[in-house]
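All remarks here apply to the structure that follows.
Bear in mind these aren't lab numbers, they're just calculated from the coordinates by the rules spelled out. Here the structure is a predicted model, which is why all the values come from computation and not from measurement. A quick note on method: Cβ atoms are made from the backbone with ideal geometry, for glycine too, and the neighbour counts reach across all protein chains shown.
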Amino acid sequence: MKANHLVREEDLPKLSEALRKDFEDFCNSIFVEDPYNCLGLDNHTLKGYLRGYRALEIDENGISYRLVYRIYEKPSPKRVFILSFAEHDLAYQKAKERK
């Protein structure tokens, strides 16, 4: 699992401690074991400009967050690359800029 350097430099510092911990859990377990189904957590494929990417849906205190990522199957082994982690609309905006 890799992440765009701006995820750690810009996105994570703006998130709550709980979401930062969730990020580490996602990276160390969910994206390693089941990046397509996220062990049952809500996620979906993206369309349009972000076609080929996926978004993990996270809600905290009534606020919707998205973690935007892509799964690369080839060359082996399978890899996950994270583009952004922020509130819903901002996460997609950042992902488009960082693509």
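Scan the stretch 1-18 residue by residue and report those that are over 22 Å from LYS96 (Cα atoms) and touching a strand residue (DSSP E or B) at 6+ places or on another chain (Cβ under 9 Å). Working first, answer last.
Looking only at the stretch 1-18, we keep the residues that are over 22 Å from LYS96 (Cα atoms), and these are 16-18.
Passing the criteria: SER16, ALA18.
Inside the stretch 20-30, can you point out the residues that are in contact (Cβ under 8 Å) with a residue 12 or more places away in the chain, more than 14 Å from VAL80 (Cα to Cα) and in contact with a helix residue (DSSP H, G or I) (Cβ under 8 Å, 6 or more places away or on another chain)?
none
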